[in-house]
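Following: one structure in structure tokens, then a few remarks.
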Amino acid sequence: VYLQASEERMHLVVENMPMMLNAFDIHGSIVTWNRACEEITGYSAKEILGNAKALEILYPDLAEHQRMIAKRDSFEESETVWEARLTCKNGQPKTLLWYNVSKQFPIPGWQAWYIGQDITQRKQVERVSRESETLITSVFESAKVGICLTDDRGRFLQVNRAYAEIYGYRPEELVGQPFTFVLPITLHNDAVREYYSLLMTHEEPTLLKRRGEQHRNGQRFDVQIIASRVILEDRRRLLLSIVS
């Protein structure tokens, strides 16, 4: 009686756990397909369990289908975690993260079994983030005005080509240097005081006009700067400057 009750509790856990769980028997048929699998894929247990074409249905892409068969048939040598591209019943693709737990936790009657997580939304966010970063980088690099980002110690974190050219340098020559690197020494003290005032107290973008800045070749010129403070999640303060 106790063993039966324990098995029933285990069945309830497997069926209702928020992660996907599927298991294969020695013949390669899916013998466990829990509720999370049904909800994420749209395929019921009745449609999948014992279905010899289940993997073909779930992974219609030939390369992905063959890869999943290989994972199933060589689970002991298979990597512990991998991504898979599954096609739902409604035709919608899903990106899943499968965890191979067969070797660590063998279960009688299950030749191989896996826990799965739907990471489709996370992958979409990552893709959008990468595209946004690429766009921002493209705008930053192609801008005709000088743009630089400096940290709370006054060092250049990023400079675009237009900014470096204003002062006669290449971007890589400036990154890591203090912002005073491009200023004549006579302006250093006033510029440092102004910098930390902007960094600590100015909440709104500030327009500055600075006279007598210096090109690498010694030529002096005047600039106009729009400086804007940036506060990161970890409370670090940066200064974004647009220079013309």
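The values are calculated or read from the model by the stated rules, or taken from the named source; none is laboratory data. Predicted model only: the values in this text are computed from it and were never measured. Heads up, the Cβs are rebuilt from the backbone with ideal geometry, glycines too, and the neighbour counts pull from every protein chain shown. Calculation scope for accessible area: heavy atoms of the full protein, side chains included, ligands and nucleic acids excluded. Shrake-Rupley method; radii C 1.70, N 1.55, O 1.52, S 1.80 Å.
Does the range 22-42 hold any residues that are among the hydroxyl-bearing types (Ser, Thr, Tyr), surrounded by 21 or more Cβ atoms within 10 Å (Cβ to Cβ) and not in a strand (DSSP E or B), and which are they? Residue satisfying the conditions is THR41 alone. One residue is enough: does the range 144-162 have a residue meeting the conditions modelled with pLDDT of 85 or more, small (Gly, Ala, Ser) and within 27 Å of ASN189 (Cβ to Cβ)? Scanning the range 144-162, I find at least one residue that is modelled with pLDDT of 85 or more, small (Gly, Ala, Ser) and within 27 Å of ASN189 (Cβ to Cβ), so the answer is yes.
Results for (1) closer than 18 Å to ILE147 by Cβ; (2) hydrophobic (A, V, I, L, M, F, W, C); (3) out of contact with any Pro (no Cβ under 6 Å at 6 or more places or on another chain); (4) open to solvent by 80 Å² or more (accessible area, probe 1.4 Å), shown as yes or no for each residue.
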position	(1), (2), (3), (4)
GLU204	no, no, yes, yes
LYS209	yes, no, yes, yes
GLY218	no, no, yes, no
ILE225	yes, yes, yes, no
VAL230	yes, yes, yes, no
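Taking the criterion of being touching a helix residue (DSSP H, G or I) at 6+ places or on another chain (Cβ under 8 Å) and among the aromatic types (Phe, Trp, Tyr), the residues of the range 71-113 that qualify are TRP82, TRP98. The residues of the range 108-125 that are more than 25 Å from the chain's Cα centre (by Cα) and part of a strand (DSSP E or B), listed by number, are TRP110, ALA112, TRP113. Look at TYR167 and say whether it is of a type in the set (Ser, Thr, Tyr), touching a helix residue (DSSP H, G or I) at 6+ places or on another chain (Cβ under 6 Å) and surrounded by 12 or more Cβ atoms within 10 Å (Cβ to Cβ). Against the criterion (of a type in the set (Ser, Thr, Tyr), touching a helix residue (DSSP H, G or I) at 6+ places or on another chain (Cβ under 6 Å) and surrounded by 12 or more Cβ atoms within 10 Å (Cβ to Cβ)), TYR167 qualifies.
Number of residues in the range 68-107 that are at negative phi, surrounded by fewer than 16 Cβ atoms within 10 Å (Cβ to Cβ) and not in a strand (DSSP E or B) equals 16.
Could you tell me whether any residue of the range 50-65 is in contact with a strand residue (DSSP E or B) (Cβ under 9 Å, 6 or more places away or on another chain), part of a strand (DSSP E or B) and surrounded by 11 or more Cβ atoms within 10 Å (Cβ to Cβ)?
Of the residues in the range 50-65, the ones in contact with a strand residue (DSSP E or B) (Cβ under 9 Å, 6 or more places away or on another chain) are 50-51, 54-55, 57-61, 64.
Pick out the ones that are also part of a strand (DSSP E or B) and you get none.
Among the residues of the range 50-65, not one is in contact with a strand residue (DSSP E or B) (Cβ under 9 Å, 6 or more places away or on another chain), part of a strand (DSSP E or B) and surrounded by 11 or more Cβ atoms within 10 Å (Cβ to Cβ), which makes the answer no.
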